[in-house]
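Undergrad: Pasting in a structure now, in structure tokens, and then I'll have a few things to ask.
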Amino acid sequence: MSFEYFIAKRYLLARQKQAFISVISLISVLGVGLGVASLIVVVGVMQGFSTELRDKILGINAHMVAAVAGGAIHDYRGDMAKAEAVPGVLGATPFVYTEVMLSSPRGVKGVVLRGVDPASAGKVLALPGEMTAGSLDDLSAPGIFPGIIVGRELADRLGLSLGDTLNLMSPAGKESAAGFSPKVKTFAVRGFFKTGMYEYDSTLAYVTIPAAQELLGFKRDIVTGIELKVADVDAVDALAGQVRQALGGPPVYVRTWIDMNGNLFKALHLEKTAMFVILVMIVLVGSFSIITTLVMLVMEKTRDIAILMSMGATAKNIRNIFMLQGAIIGAVGTALGYALGLGVALALEKYQFIKIPGDVYPMDHLPVRLDWPDLVVIGATALALCFLATLYPARQAARLEPTEALRHD
């Protein structure tokens, strides 16, 4: 043990004449600890919210969508094979997208209708795992009416049960001499899904691609686009160019999940950064308390410093003593903050005792995700602020002249 560390520890733990200084030291430790704990909990919740939202969006939507500008895809089976041949693409499925009016004996609702291929949709979408009743394969089961799968919120609103029939009206279904006239088709409810996102669960419905094509009055076997699933969701931007090139380039365009939800995730990232900056101020308050502690300690220990210097201690030794004191306070406060913050975050994740309205947010509790890079940045920031707080008091202590200090003691 170096004598600088020995003296620094003795000064911090002394209880005789420095009781007030010890109280300020304790307040400094608590200030740093609370700041670190707050950072861990808030950053964990923000990261968890962002990740949960991304997973829910990618669960109901594909990672990438390939479509033709101003038209439809005709040879979609061949294009699916080309897209799946691109390294990094795990699966492809065609889809038909439209907006229709859904009517039942208990109400009318505008919905987004998606025609899907039950055989390949499971390779791209997480819909099969989100079914609460029925299955995706039931869409193509034989029956008097074609099948439809609706969201749980939509089913509850309209009082739908398995086997009920409802009507879908397309505003552009039949072509006549007067133009397009609405077309109405009856469907049988074959299943329900629940993603946890109110917007999707209350407005989405799924049918087979042939049923959607017939409802929309397509005369050919065409689709709106192709949905793709990739191995690395964070590398979709680089992969999008390869997929577009494989499909022949313009007029084909490829949109990624980042393109379609970019503003939302940018807003979440900005909010996370703002919360981080705000909560760092709490750690900064604790570091200012460290400055107060050390300045008062320097004033109290002027005679001791002079004696140490007269016994051969250099200015560097004196500076190290007070820097070590601040570092000890910062390290203890940071460790306390980690213990408190991780404890609260893990309790939030396990017991979910803070509930939020599910019809407003895409989840009904505060999600928590602790990433080690975030934890490292929090700890490094707290320790750096505490270290910077020691520089001025330590410098002032090292500048004391032994003769002047003893003369005025």
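The values are calculated or read from the model by the stated rules, or taken from the named source; none is laboratory data. All of these numbers come straight from a predicted model, not from anything done at the bench. Positions of Cβ are backbone-derived with ideal geometry, glycine not excepted, and every protein chain shown enters the neighbour counts. We work out accessible area using only protein heavy atoms, side chains counted, and drop any ligands, DNA or RNA first. Shrake-Rupley method; radii C 1.70, N 1.55, O 1.52, S 1.80 Å.
Undergrad: Take the alpha-carbon centre of the stretch 59-85, take the same for the stretch 116-132, and report the distance between them in whole Å.
TA: 16
Undergrad: Take every Cα-Cα pair in the stretch 299-409 and report what % of them are more than 19 Å apart. List each step's numbers first, then the result.
TA: Details: 3812 of 6105 pairs.
Tail of the P(r) past 19 Å holds 62 percent of the pairs.
Undergrad: Related question: So what is the diffusion coefficient of the chain in µm² per second by Stokes-Einstein at 37 °C and 0.692 mPa s, using a Kirkwood Rh over Cα pairs? Show your work: numbers first, answer last.
TA: Numbers: Rh = 26.1 Å.
Here the translational diffusion coefficient equals 126 µm²/s.
Undergrad: So what J values fall out for the stretch 89-105 if you push phi through Karplus, 6.51 cos²θ - 1.76 cosθ + 1.60 with θ = phi - 60°, rounded to Hz, Gly and Pro as x?
TA: 8, 8, x, 9, 8, x, 8, 10, 10, 7, 10, 9, 9, 9, 10, 9, x
Undergrad: Can you send over the carbon and sulfur percentage of the accessible area for the chain, probe radius 1.4 Å, protein chains only? All intermediate terms of the calculation are to be shown ahead of the outcome.
TA: On the way: 12140 of 20150 Å².
So the carbon and sulfur contribution to the accessible surface is 60 percent.
Undergrad: Could you work out how far apart the two model spin labels at residue 238 and residue 55 are, taking each label as a point 7 Å from the Cα in the direction of the beta carbon, and quote it in nm?
TA: Between residue 238 and residue 55, the simple spin-label model gives 2.5 nm.
Undergrad: Would you please classify the overall shape of the stretch 111-263 from the alpha carbon gyration tensor, given that a ≥ b ≥ c denote the square roots of the eigenvalues, rounded means a/c under 1.5, and beyond that prolate means a/b larger than b/c while oblate covers the rest? Please report the intermediate quantities before stating the final value.
TA: Working: a/c = 1.97, a/b = 1.28, b/c = 1.54.
Note, shape of the stretch 111-263 comes out oblate.
Undergrad: Here is a follow-up. Over the chain, calculate the relative contact order: mean separation of alpha carbon pairs under 8 Å at least 6 apart, over the residue count, as a percent. Before the final figure, lay out the partial values.
TA: Details: 727 pairs, mean separation 117.5, N = 409.
Contact order relative to length: 29 percent.
Undergrad: How are the alpha carbon pair distances in the stretch 239-364 distributed across 5 Å bins from zero to the largest one, expressed in percent?
TA: All Cα pairs, binned at 5 Å, distribute as 2, 7, 8, 10, 11, 9, 8, 8, 7, 7, 6, 5, 4, 3, 2, 1, 0 percent.
Undergrad: What size of dipole, in debye to the nearest 20, comes out for the chain about its Cα centre when the only charges are +1 on Lys and Arg C-beta atoms and -1 on Asp and Glu C-beta atoms?
TA: On the way: 36 positive and 35 negative charges, 195 e Å.
That gives the chain a dipole magnitude of about 940 debye.
Undergrad: Of 219, 183, 350, which has the most accessible area and how do the rest follow, probe 1.4 Å?
TA: Values: 219 175, 183 40, 350 145 Å².
Sorted by accessible area, descending: 219, 350, 183.
Undergrad: Whole-Hz Karplus ³J(HN,Hα) for the stretch 279-291, in order, using 6.51 cos²θ - 1.76 cosθ + 1.60 and θ = phi - 60°, x for Gly and Pro?
TA: Calculated HN-Hα couplings, in order: 6, 4, 4, 5, 5, 5, 4, x, 5, 5, 5, 5, 4 Hz.
Undergrad: Rolling a 1.4 angstrom probe over the protein heavy atoms, how many square angstrom per residue are accessible across the chain? Can you show the working numbers first?
TA: Values: 20150 Å² over 409 residues.
Accessible area per residue: 49 Å².
Undergrad: What residue among 98, 73, 118 has its Cα farthest toward the positive end of the dipole of the stretch 27-139, where the charges are +1 on Lys, Arg and -1 on Asp, Glu, each on the Cβ?
TA: 98
Undergrad: Could you tell me how far the Cα centroid of the stretch 201-236 sits from the Cα centroid of the stretch 341-373, in Å?
TA: What the calculation gives is 33 Å, centre to centre.
Undergrad: Here's a follow-up. Given a Förster radius of 56 Å and the C-beta distance between residue 156 and residue 335 as r, what FRET efficiency does 1/(1 + (r/R0)^6) yield to the nearest 0.05?
TA: 0.70
Undergrad: Still on this structure: Can you find, among 47, 85, 64, the residue farthest towards the positive end of the dipole of the stretch 15-96? Put +1 on the C-beta of Lys and Arg, -1 on that of Asp and Glu.
TA: 47
Undergrad: Another question, if that's okay. Exceeding 20 Å between C-alpha atoms, which entries from my cross-link table qualify? They are 56/185; 56/82; 123/194; 183/219; 194/266; 229/272. Kindly include the intermediate steps, with their values, before the conclusion.
TA: Values: 56/185 31 Å; 56/82 28 Å; 123/194 18 Å; 183/219 14 Å; 194/266 26 Å; 229/272 28 Å.
Exceeds cut-off: 56/185; 56/82; 194/266; 229/272.
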